[in-house]
Amino acid sequence: MTPHQILLPDPDDPRLTRKVTGIDHTGAVIDIAVVEERPLTIFLNAQEIVTAMTIGDHPDYLALGFLRNQGMLLADDQVTGIDYDDDLETIVVRTARKTSYEEKMAKKTRTSGCAVGTVFGDMMEGLEDLTLPAAPLRTSWLYALAKQINTMPSLYLTAGAIHGTVLCHQDQPLVYMEDVGRHNAVDKVAGWMFLNHTDPQDKILYTTGRLTSEMVIKTAQMGIPVLASRSGFTAWGVEIARQVGLTLIGRLRGQRFVCLSGDERLIRDADPAQVSDEAAANRRKGARHD
């Protein structure tokens with residue numbers, strides 16, 4: 001996939017942000033762009049599943065990815081229709097297989113994650129027997145991806161208050177999704193992969209969010225062997241990554257990163273001294289970073 005084929009956020013889409021007038025620290029009147037939030041109710045056939053707060057782009061990918069990551073849409077399911085109604089703020093995913101998840105939905109307990117989050121009771125389903133492929137990871141890919149992703153057009157640069165998730169192959173970003181919740185962004189990637197029959201076994205998932213247990217589990221359930229982030233880890237996220245053989249890279253900034261799972265799969269083919277030290281540059285500028 002060449003660079004012009006990368007699926008990117010559209011910061012100029014007028015539906016995704018709104019101009020709001022405020023007052024800055026000097027008392028001056030300013031107009032700033034803020035991210036929109038709108039509800040999207042997802043149905044699977046005749047059953048209402050969830051209402052998500054989302055920025056509103058790619059509702060088909062979000063619906064498919066959420067259902068897939070919750071185990072409600074199976075890998076071999078035939079999707080016979082996806083009906084989106086912007087006025088009613090609903091999307092209906094129709095499958096050839098008859099579905100009924102009344103009991104599962106009645107017992108659902110939400111996690112504390114952003115926006116949609118995850119149904120806790122489903123998080124660990126199938127994880128006991130899951131082992132991800134031992135995919136090699138070159139450090140040169142990590143450095144190249146971090147540089148490219150940080151300079152791509154994004155709603156974050158326009159309005160902030162948003163999370164990003166990028167599906168990558170080696171040192172090439174393929175799909176960049178953003179949303180108000182990190183789970184929504186991941187689900188959009190999962191939905192894109194489902195529709196495009198994408199092989200996950202040689203892919204890397206990059207996220208701007210924390211490497212929590214939920215993020216690790218979703219990545220593992222998607223079959224992706226590498227998860228990387230600019231942000232940090234939780235202990236349970238690290239524990240699960242080690243259990244399933246997920247390579248887990250955090251605090252990826254400039255020439256620095258930390259690997260807490262899968263270090264034996266790292267191929268250190270890049271000299272960190274030749275990579276721009278983002279942290280040092282930010283300190284010189286007096287910038288605050290997480």
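Side notes on the structure shown:
- Listed residues LEU88, LEU127, LEU260, most fluctuating in the chain (Gaussian network, C-alpha, under 10 Å): LEU88
- Fraction of accessible area attributable to carbon and sulfur, the chain (%, probe 1.4 Å): 50 percent
- Length gained on full extension, ASP271 to LEU130, computed as 0.36 nm times the residue gap minus the Cα-Cα distance: 47.4 nm.
- Three-way shape call for the chain based on the alpha-carbon gyration tensor, with the a/c threshold at 1.5: oblate
- The residues LYS104, LYS147, LYS98, LYS203, sorted by heavy-atom accessible surface at 1.4 Å with ligands and nucleic acids left out, run LYS98, LYS147, LYS104, LYS203 from largest to smallest.
- Here the contact order of the chain, divided by its residue count and restricted to Cα pairs under 8 Å and six or more residues apart, works out to 17 percent.
- GNM flexibility winner over the chain from ILE162, ILE224, ILE32 (Cα, springs under 10 Å): ILE32
- Of all aspartates and glutamates in the structure, the ones whose alpha carbon falls short of 12 Å from that of LYS147, not counting any fewer than 8 places away in one chain, are ASP171, ASP277, GLU278.
- Our summary gives the stretch 149-257 a relative contact order of 20 percent, counting only alpha carbon pairs under 8 angstrom and 6 or more residues apart.
- FRET E, pair MET152, ASP31, Förster distance 30 Å, beta-carbon r, rounded to 0.05: 0.75
- FRET efficiency for the ASP83 to ARG38 pair, using the beta carbon distance and R₀ = 25 Å, is estimated at 0.90.
- Efficiency of FRET between ASN45 and ASP12 - r from beta-carbon atoms, R0 45 angstrom, step 0.05: 0.80
- Ligands, DNA and RNA are left out, and with a 1.4 angstrom probe the accessible area of the chain is 48 Å² per residue.
- The chain - share of DSSP beta bridges that are antiparallel (%, nearest 5): 70 percent
- Above-threshold pairs, the threshold being 30 Å between Cα atoms, out of LYS104/LYS188; LYS19/LYS104; LYS98/LYS218: LYS19/LYS104
- For the residues THR80, THR41, THR139, a GNM of the chain with alpha-carbon springs under 10 Å puts the largest fluctuation on THR80.
- Cα shape, the stretch 125-273, gyration tensor, a/c 1.5 rule: rounded
The values are calculated or read from the model by the stated rules, or taken from the named source; none is laboratory data. All of these numbers come straight from a predicted model, not from anything done at the bench. Using ideal geometry, Cβ is built from the backbone for each residue, glycine included, and neighbour counts are taken over all protein chains shown. Keep in mind that these areas ignore ligands, DNA and RNA; they rest on the heavy atoms of the full protein, side chains included. Shrake-Rupley method; radii C 1.70, N 1.55, O 1.52, S 1.80 Å.
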